[in-house]
Amino acid sequence: MSFDMKDLYQDVIVDHNRSPRNFGKLEDADLSLEGYNPLCGDRLTLYIKLNNDIINDISFDGSGCAISVASASLMTEAMKGKSTKEAESVFNDFHHLLTDEEPDLDLEKFGKLAALAGVRDYPSRIKCASLCWHTLNGLLDGSHNSISTE
Ligand code: ZN
């Protein structure tokens, strides 16, 4: 792999990969869903506890590369306490941020999630960063089948 680790692995990503937040099974989860990125081998399960439309608690477990783990850690941190509608809107914005040629988005509003914007320059890593998001999206859509990025 030819990407430059120094450019990609910014401090936030290193930190969230080393000590992922909200890591571990949520025992009293209302919903859970598995996501898999065959391209890299990232595999995670997302757990969520809803209170009406509010994401009361969210966690993940599994294993994957630094980007996939850091992204899931950052995502769970950002999604806790959000409504499912807000979560959907952040998902859409984040997806644009990673995949649009010239995203017309204010990085500041992403907070720490902006650290993941660097994967734009590494197309093979975009699925690593977006795996947890697709899994969350599937989970909120009521999907019972595991999510694959392929
Ligand atoms: Zn990966």
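Filtered by the rule that a residue be within 16 Å of the ligand (Cβ to nearest atom) and either over 14 Å from Leu136 (Cα atoms) or surrounded by fewer than 21 Cβ atoms within 10 Å (Cβ to Cβ) (or both), the range 70-98 gives Ala70, Leu98.
Every listed requirement among (1) modelled with pLDDT under 85; (2) surrounded by fewer than 16 Cβ atoms within 10 Å (Cβ to Cβ); (3) assigned to a helix (DSSP H, G or I) is met by Leu105 save one, (3).
Residues of the range 57-66 include at least one that is in a strand (DSSP E or B), more than 18 Å from Asp11 (Cα to Cα), among the charged types (D, E, K, R) and over 13 Å from the mean Cα position of the chain (by Cα).
The set of residues from the range 24-36 being touching a residue at least 60 places away in the same chain (Cβ under 8 Å) and of a type in the set (A, V, I, L, M, F, W, C) comprises Leu31, Leu33.
The set of residues in the range 117-137 that are farther than 14 Å from His96 by Cα and within 12 Å of the chain's Cα centre (by Cα) comprises Cys128, Leu131, Cys132, Thr135, Leu136, Asn137. Among the residues of the range 108-150, those that are modelled with pLDDT of 90 or more, in a helix (DSSP H, G or I) and within 14 Å of the ligand (Cβ to nearest atom) comprise Arg125, Ile126, Lys127, Cys128, Ala129, Ser130, Leu131, Cys132, Trp133, His134, Thr135. Collect the residues in the range 31-66 that are away from the ligand (no atom under 14 Å from the Cβ), surrounded by fewer than 20 Cβ atoms within 10 Å (Cβ to Cβ) and hydrophobic (A, V, I, L, M, F, W, C), keeping them in residue-number order. The answer is Leu31, Leu50, Ile54.
If the condition is being small (Gly, Ala, Ser) and without any contact (Cβ under 8 Å) to a residue 60 or more places away in the chain, then the range 37-94 contributes Gly41, Ser59, Gly62, Ser63, Ala66, Ala70, Ser73, Ala78, Gly81, Ser83, Ala87, Ser89.
The values are calculated or read from the model by the stated rules, or taken from the named source; none is laboratory data. Owing to the predicted nature of the structure, the values given are computational and were not obtained by experimental measurement. All Cβ positions, even for glycine, are placed from backbone atoms using ideal geometry, and neighbour counts span all protein chains on display.
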